[in-house]
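Student: After the structure tokens below, expect a handful of questions from me.
Each value in this text was obtained by applying a stated rule to the coordinates, not by laboratory testing. Here the structure is a predicted model, which is why all the values come from computation and not from measurement. Using ideal geometry, Cβ is built from the backbone for each residue, glycine included, and neighbour counts are taken over all protein chains shown.
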Amino acid sequence: MTETFEMICIVCPRGCRLKAERTADGIAVTGNKCPRGAKFAEEEIVAPKRSFTGTVRSVFPEMPVVPVRTAGEVPKDKVKEVALLTRDVLLTRAYGVGEVAVDNVCGTGVDLIVTADMRKVIGS
Amino acid sequence: MRYAAIVIGGGPAGMAAACAVKESEKVLIIEREARLGGILKQCVHDGFGVIRFGEKLSGPEYADRFIDEVYSRKNIDVRTLTFVTDIEKRNGYFVVTTTSGKGIVSYEGENLILANGCRERTARQVNIHGTRPAGLMTAGTAQNLVNLMGIMPAKRCVILGSGDIGLIMARRLTLEGAEVVGVYEAKATPSGLQRNLQQCLYDFGIPVSLKKTVTLVHGRDRVEGVTVSDVDDDMRPISGTEEYIPCDALIVSVGLIPENELAENLGVPIDPRTKGPVVDQYMMTAVDGVYSVGNALHVHDLVDYVSEVAETAGKDVGRRKSRASIEVTQKGFAYLVPQRIDAANVEKETTFYFRASHDTERAKLTVTINGKTAVTKKYSMLKPPEAVRVKLALPVKAGDDVKFVLEDDDDGNV
């Protein structure tokens, strides 16, 4: 039996329209302009992943919210859980770019990192 | 003291341009906000820097790399919280008058690099009827409220227009707990990038309705709802198709327009297609010494290319002695940049950016010099929202007649 899937690749801004066919032998991907597209399609069918980006709160009035992202991708169905958790995070010191705000966020094994240099804003 | 270049705008374009100027030349960046970074400060989503750094960075991270570079340069001065009120062209230099907490101060520069970005088209510019209550805002305003101020502007919202910022905000508001009822687009095709449709709408089950627009805003103090209607091929609402949607916010994402008030005051000719200045391959406008970069020049898809284009201008400062610009004739594009070539300073390859005028399965780009074909290139799946960058070897000389033609290619082979 053959299952077919259609999707848009989100690896790069090109946005290739992918077609994937899953048979007993494996997954065959067409429409991808690079190998990353094939890998994306396979993952998307077996275990889709996304990165999360958003903000957390801080105690500093100059920067009431601070941008964060997951340091890598997390399972797609964990994204909402991560988003919910970020609403309760409060930073009480000035973090630099890449510093870990929450380690192993929601048990994904991926850290939530700060993506702005708070030291450049606070007390300046 | 006279600067070699005064850069207006401390966003990604202005910073990249300033950093590309030779370190022996003094540069001044004028920024109206409290800190450098421009719109990237509020673009907390990722996808920036894939081309330049090979990493998926957030906007603030991408900006931070350039901010560090700017402040490490001894030849770059920065004035923040400083607003340009006037620019005057004198004989061989410019006088830029600014206002700030320090009062009114003028600076002199031999060159100007205009990097003041673009502005959002507002609800008023798309002729929506009804009231103008709280809750009616552009996608960029919503982004500023959520990502910089930590304020949620909606509980249940409708998004008008399928521009990328609107799509990004649909996801952001959803993850912050708001309900996004749907995205309405008057055109027959979405205007945002395909990947943003996938990861911002489809991932969250947010419906996108094409050939539909908001025709009426309801509510006196606060948005209470909107009426949406189908539109015909000329984007006119069709009566009898009205549907009322209760919501507390209407977020408008209907396009960006390059900001060129300063450029126009200097007499810089504007291309009606890009709504930015006409430039040569070094991003110099038709007014000697005035460069235009970033989204003030044309609205880019990717900040990586904003940086690249701005660096071209920065490197050019104080370099070219003589110029011989020729206009490029263009046919079949939504737009093509640069619109002129300085034939006295042609390098081995010249980089062009263009947008197709319509969706095309297969297209052919032909460049002719004095009627002779110089280059042909074939493309598959061109879409107006996705700009194409192409490097071409064009041995152009002063006085040559250069034509760019983009046409549908029926013979097939790509």
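Student: To the nearest Å, what is the center-to-center distance of the stretch B:178-220 and the stretch B:57-74, using C-alpha atoms only?
Tutor: Using only Cα atoms, the two centres lie 33 Å from each other.
Student: Through the Karplus equation 6.51 cos²θ - 1.76 cosθ + 1.60, θ set to phi - 60°, convert the phi angles of the stretch B:25-38 into ³J(HN,Hα) values in whole Hz; use x for Gly and Pro.
Tutor: Per-residue couplings from phi come out as 9, 7, 10, 10, 9, 10, 10, 7, 8, 6, 9, 6, x, x Hz.
Student: Right, another one. Quick one: 3J(HN,Hα) in Hz for the stretch B:177-193, Karplus 6.51/-1.76/1.60 with θ = phi - 60°, rounded, Gly and Pro as x.
Tutor: Each residue's phi maps through the Karplus curve to give x, 8, 9, 9, 5, x, 10, 10, 10, 6, 7, 7, 10, x, 9, x, 5 Hz.
Student: Here's a follow-up. Could you tell me the convex hull volume per residue, in Å³, taken over the Cα atoms of the stretch A:53-120?
Tutor: 68 Å³
Student: Whose amide H sits under 5 Å from the amide H of B:ASP271, counting only residues 5 or more places off or on another chain, with H placed in the peptide plane?
Tutor: Those qualifying (amide H under 5 Å, at least 5 residues apart or on another chain) are B:GLY276, B:VAL278.
Student: Please identify the GluC sites (Glu not before Pro) of the stretch B:10-77 that satisfy two criteria: DSSP loop assignment and at most 12 other Cβ atoms within 10 Å. Which are they?
Tutor: The qualifying sites are B:GLU23, B:GLU55.
Student: Between the stretch B:141-174 and the stretch B:334-365, what is the C-alpha centre distance in whole Å?
Tutor: 34 Å
Student: Express the relative contact order of chain B as a whole percentage, based on alpha carbon pairs under 8 Å and six or more residues apart in sequence.
Tutor: 15 percent
Student: How much of the DSSP bridge set in the protein assembly as shown is antiparallel, in percent, rounded to the nearest 5?
Tutor: Antiparallel: roughly 65 percent of the beta bridges in the protein assembly as shown.
Student: Still on this structure, please answer the following. Calculate the translational D of the stretch B:122-254 in whole µm² s⁻¹ from Stokes-Einstein, where the hydrodynamic radius comes from the Kirkwood formula applied to all Cα pairs, the temperature is 20 °C and the viscosity 1.002 mPa s.
Tutor: 149 µm²/s
Student: Determine the distance separating the Cα centre of the stretch B:87-108 from the Cα centre of the stretch B:283-310; give it in Å without decimals.
Tutor: Cα centres, the stretch B:87-108 to the stretch B:283-310: 22 Å.
Student: Something else about it: Once you've got the GNM for chain B with C-alpha springs shorter than 10 Å, pick whichever of B:GLY47, B:GLY140, B:GLY371 has the biggest mean-square fluctuation.
Tutor: Answer for the Gaussian network model of chain B: B:GLY371.
Student: Just need the relative contact order of chain A here, percent rounded to a whole number, with Cα pairs under 8 Å and 6+ apart.
Tutor: Reported as a whole number, the value is 18 percent.
Student: Could you line up B:TYR353, B:TYR282 from fewest to most neighbouring Cβ atoms inside 10 Å?
Tutor: Fewest to most other Cβ atoms nearby, the residues stand as B:TYR353, B:TYR282.
Student: How many percent of Cα pairs in chain B exceed 33 Å?
Tutor: 38 percent
Student: Nearest 500 deg cm²/dmol is fine: what mean residue ellipticity at 222 nm does the protein assembly as shown get from its DSSP H runs of n ≥ 4 alone, each adding -39,500 (n - 2.57), divided by its residue count?
Tutor: -4500 deg cm²/dmol
Student: If you fit an axis through the alpha-carbon atoms of helix A:35-46 and take the longest principal axis of the Cα set of chain A, what angle between them do you get, 0 to 90°, nearest 10?
Tutor: 90 degrees
Student: Let me ask you something else. Can you list which of the GluC sites (Glu not before Pro) found in the stretch B:344-414 are DSSP loop residues with at most 14 other C-beta atoms within 10 Å?
Tutor: B:GLU347, B:GLU349
Student: Next question. How much of the DSSP bridge set in chain B is antiparallel, in percent, rounded to the nearest 5?
Tutor: If I count the DSSP bridges inside chain B, around 60 percent turn out antiparallel.
Student: Right, next: Let me see the P(r) profile for the stretch B:322-414: every Cα-Cα distance counted, bins of 5 Å, each bin given as a percent of all pairs.
Tutor: Bins of 5 Å from zero give 3, 14, 25, 26, 17, 10, 5, 1, 0 percent of pairs.
Student: Over the stretch B:322-414, what is the relative contact order in percent, taking alpha-carbon pairs closer than 8 angstrom and at least six residues apart?
Tutor: Relative CO of the stretch B:322-414 lands at 36 percent.
Student: May I ask you to evaluate 6.51 cos²θ - 1.76 cosθ + 1.60, the Karplus curve with θ = phi - 60°, for each residue of the stretch B:75-92 and list the ³J(HN,Hα) values in order in whole Hz, giving x for glycine and proline?
Tutor: Couplings: 8, 10, 9, 10, 10, 9, 6, 10, 10, 7, 9, 7, 10, 10, 8, 9, 6, x Hz.
Student: In the Gaussian network model of chain B, springs joining C-alpha atoms below 10 Å, which of B:GLY14, B:GLY54, B:GLY177 carries the largest mean-square fluctuation?
Tutor: Of the options given, B:GLY54 has the highest mean-square fluctuation.
Student: Next up: In terms of Cα to Cα distance under 13 Å, which aspartates and glutamates are near enough to B:LYS321, apart from those fewer than 8 places away along the same chain?
Tutor: Correct list for B:LYS321: B:ASP288, B:ASP342.
Student: Quick one: among A:ALA101, A:ALA28, A:ALA38, which has the greatest mean-square fluctuation in a GNM of chain A with alpha-carbon springs under 10 angstrom?
Tutor: Result for chain A, Cα springs under 10 Å: A:ALA28 fluctuates most.
Student: Now for a separate question. Grab the Cα-Cα distance for B:ARG389 and B:VAL50, subtract it from 0.36 nm times how many residues apart they are, and report the gain in nm with one decimal.
Tutor: Between B:ARG389 and B:VAL50, full extension yields 120.5 nm more.
Student: With only alpha-carbon pairs counted, each pair once and no self-pairs, how large is the Kirkwood hydrodynamic radius of the protein assembly as shown in angstroms?
Tutor: Kirkwood hydrodynamic radius for the protein assembly as shown: 24.8 Å.
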